[in-house]
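J.: I'd like to ask you about the structure that follows.
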Amino acid sequence: MGSWFNTGFSAERVPLLAEILELAKGKCRVLIELKYYGHNEQLEQRVVDIVEEAGMEDYIAIMSLQYSGLQNFKALRPNWPLGLLSTQYIGKLSNFDVNFIAVNANTAKPTAIRRIQSAGKLAYVWTVNDRVSMARMMAFGVDGIITDEPAMAAEVRTAIKLLNPMERLLLHTTVLLKMPIPSRLYRDKSP
């Protein structure tokens with residue numbers, strides 16, 4: 001998986017879910033995305049088995065673009081937190097039996113965040129990989145940020161907490177001022 005970055009990393013492979021859970025155990029929660037790309041035979045059950053084997057049931061959440069997959073998962077483990085990934089407007093939010101909605105950062109607006117939260121769900125945004133966008137999303141009041149830069153997100157969260165109300169207002173104006181967002185190379189050029 002590393003050859004896109006440098007040939008010196010061409011022997012690297014994608015870690016298995018069980019390996020990720022072992023690394024995260026006792027340190028952080030893990031957000032697992034179910035992806036249905038042809039290898040989805042009993043995907044939900046296989047994920048349940050791996051999570052339970054690792055003893056991480058209380059430290060995970062499951063999300064997917066496929067609402068039907070989330071419904072299948074809910075039938076297996078009704079109390080595990082579930083979230084629907086959304087790339088566009090998805091209609092009446094109360095129709096979805098999930099704990100959170102994760103929207104693309106490019107479409108996340110304060111009104112959308114409030115609408116999700118008013119429906120009794122947590123509002124997450126994805127994929128946010130720069131300080132300016134992280135600060136904006138936090139200022140919007142999102143409940144969670146999905147990022148490739150978790151250490152950066154923790155730093156931004158700490159800095160936001162130290163801002164006074166006027167500084168928070170100025171933060172909202174970054175979009176209006178068209179403040180440039182630093183770019184960084186990621187494998188798939190995710191937004």
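J.: Being outside any loop (DSSP other than H, G, I, E, B) and in contact (Cβ under 8 Å) with a residue 60 or more places away in the chain narrows it down to one residue among Leu84, Leu31, Leu70, Leu21; which is it? First the steps, then the outcome.
T.: Values: Leu84 fails: in contact (Cβ under 8 Å) with a residue 60 or more places away in the chain; Leu70 fails: in contact (Cβ under 8 Å) with a residue 60 or more places away in the chain; Leu21 fails: in contact (Cβ under 8 Å) with a residue 60 or more places away in the chain.
Answer to the check: Leu31.
J.: Something else about it: Yes or no: Val132 at pLDDT 95 or above and either out of contact with any Cys (no Cβ under 7 Å at 6 or more places or on another chain) or not hydrophobic (A, V, I, L, M, F, W, C) (or both)?
T.: no
J.: Looking at Ala123, Ala108, Ala159, which is the one that is free of Cβ contacts under 8 Å to residues at least 60 places away in the same chain, of a type in the set (A, V, I, L, M) and surrounded by fewer than 21 Cβ atoms within 10 Å (Cβ to Cβ)?
T.: Details: Ala123 fails: surrounded by fewer than 21 Cβ atoms within 10 Å (Cβ to Cβ); Ala108 fails: surrounded by fewer than 21 Cβ atoms within 10 Å (Cβ to Cβ).
None of the other options fit; the residue is Ala159.
J.: Follow-up question, since we're still on this one. When residues of the range 71-92 are filtered for being crowded, with 19+ Cβ neighbours inside 10 Å and modelled with pLDDT under 95, how many remain?
T.: Qualifying residue count, the range 71-92: 2.
J.: Which of the numbered conditions does Val125 fail, given that it passes all the others? Conditions: (1) assigned by TED's automatic domain parsing to the domain that holds Thr147; (2) out of contact with any helix residue (DSSP H, G or I) (no Cβ under 6 Å at 6 or more places or on another chain); (3) among the β-branched types (Val, Ile, Thr); (4) in a strand (DSSP E or B).
T.: Tallying (1) assigned by TED's automatic domain parsing to the domain that holds Thr147; (2) out of contact with any helix residue (DSSP H, G or I) (no Cβ under 6 Å at 6 or more places or on another chain); (3) among the β-branched types (Val, Ile, Thr); (4) in a strand (DSSP E or B), Val125 fails exactly one: (2).
The values are calculated or read from the model by the stated rules, or taken from the named source; none is laboratory data. No experiment lies behind these values; they were computed from the predicted model shown. Here Cβ is always computed from backbone atoms with ideal geometry, including for glycine, and neighbour counts include all displayed protein chains.
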